[in-house]
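What follows is calculated from the coordinates using simple rules that are stated; it is not laboratory data. Please read these numbers as outputs of a predicted model, since none were measured by experiment. Heads up, the Cβs are rebuilt from the backbone with ideal geometry, glycines too, and the neighbour counts pull from every protein chain shown.
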Amino acid sequence: MMPKLHSVIANGARFSARSGDILLDAALVSGVDLPHDCRAGRCGTCVMRLRKGWTFGGESRQQGMIYACRARVFSDLTLEYDVLPPVDCLDARVTRLINLAHDVVEVSILPTRRVPLLPGQYCRFTFRGFPSRAFSPTEPLDRMGGGRSFRLNVKRVPGGCVSPNFGRLIKVGHPVKVEGPYGSAFLRPGKTQRLVLVAGGTGFAPIWSIVDAALRENPRRQIVLIAGVRDLRSFYMWPALNRVARVPNVSVIATAEEQYEAHPAVRRGRPHDHLPRLTANDIVYAAGAPRMVDEVARVAEAARAMFYCDPFEASGQGKDSSGWLNVLSWISV
Ligand code: FES
């Protein structure tokens, strides 16, 4: 028996899908280029709102949102999604390497032209001779950003394929291919609700980029910024936190699991241990280790708050890890 055909409308584009088809596959086969990257339910680039109909699988943590790369079609559907900047691929080179902490390096990269990246999105970076990695570019930690350079906060992972090589095999001038942007965990402009931003380790990169953009857009917006590390020696975010701690509408919380007693302003524990009471009016972002992101998601869901995340997944070969904030994805490699 032939599978039933369903009619799908996504942002006004119409195509057909058979019962059981993966939504993204059906769109691509029909020539409808829905946004996507990992095709594995991790990066969040393909997330969309289900307005009508039902699907099986691919539920996202945001109510009513599904991953097109995982959802199977079982009825006629009407879908909406944020229009993302077009994906570009361009040449770049490393312009600066600075050790921010004993295990975190800032990598500055100058592309040949500007990439229209939204705050919190990520790109794929291929340092010549090394496997590709996803990173969420961030803003300078100690001053207002700008310019077309990318700044990456990269955790040096012992045994990693890429990260231990910054300053060794990857030096200033090293050629890089940049592809992107990707990810749906970016700051939506024009909103006024309180932002609760939770970063673990180098998940701070996309979160800081969101803080910077949110305060540029509305310097009075209420923001709770929680940044945590395992060991206080890895706490490279001080210049950024010092900068925003002076802003009256921004609350800053620093956490560490180890060595926390070495600084009076640091609370003991993990970032999600120090979440404020959330309400349905909050917009919550989390970036960092998947377990931390899951914990924040659980609390945000219970409060029915809008939630975006960028869990930093391990990068397959070797031990590097990358961020997809999609709600992604940063990344440590
Ligand atoms: S393409 Fe669907 S989550 Fe990455």
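Panel order for LYS155, LYS191, by other beta carbons found within 10 Å of each beta carbon, from fewest to most: LYS191, LYS155. Label-to-label distance, PHE56 versus HIS274, with points set 7 angstrom from Cα along the beta-carbon direction: 4.5 nm. For the range 62-178, the dipole from Cβ point charges (+1 on Lys and Arg, -1 on Asp and Glu) about the Cα centre works out to 600 debye, to the nearest 20. Remark: the range 122-248 carries a charge dipole of roughly 80 debye about the Cα centre, counting +1 on each Lys and Arg Cβ and -1 on each Asp and Glu Cβ.
So if I average 1/r over every pair of distinct C-alpha atoms in the range 88-182 and take the inverse, what Kirkwood radius in Å does that give? Provide the component values of the computation, followed by the final result.
Details: mean 1/r = 0.0750 Å⁻¹.
Evaluated on the range 88-182, it is 13.3 Å.
Assigning unit charges at the beta carbon (Lys, Arg +1; Asp, Glu -1) and nothing else, what dipole magnitude in debye, to the nearest 20, does the chain show about its Cα centre? Taking the Cα centre of the chain as origin, the dipole is about 400 debye. Reported value for the chain: 134 Å³ per residue, from the convex hull of its C-alpha atoms. Estimated from the Cβ-Cβ distance and a Förster radius of 25 angstrom, the FRET efficiency linking LEU28 and GLN193 is about 0.10. Taking amide H atoms as placed 1.01 Å from N in the peptide plane, the amide H of VAL284 lies under 5 Å from those of VAL196, MET306, PHE307, TYR308, each 5 or more residues away in sequence or on another chain.
I need the shape label for the range 195-323. Rule: rounded when a/c is under 1.5, else prolate if a/b > b/c, else oblate, with a, b, c from the alpha carbon gyration tensor. Spell out each step's value before the answer.
Working: a/c = 1.44, a/b = 1.13, b/c = 1.28.
Rounded, since a/c falls under 1.5.
Translational diffusion coefficient of the range 5-80 at 10 °C, 1.306 mPa s, Stokes-Einstein with Kirkwood Rh over Cα pairs, in µm²/s as a whole number. Display every interim value, and only then the final one.
Details: Rh = 11.7 Å.
Answer, rounded: 135 µm²/s.
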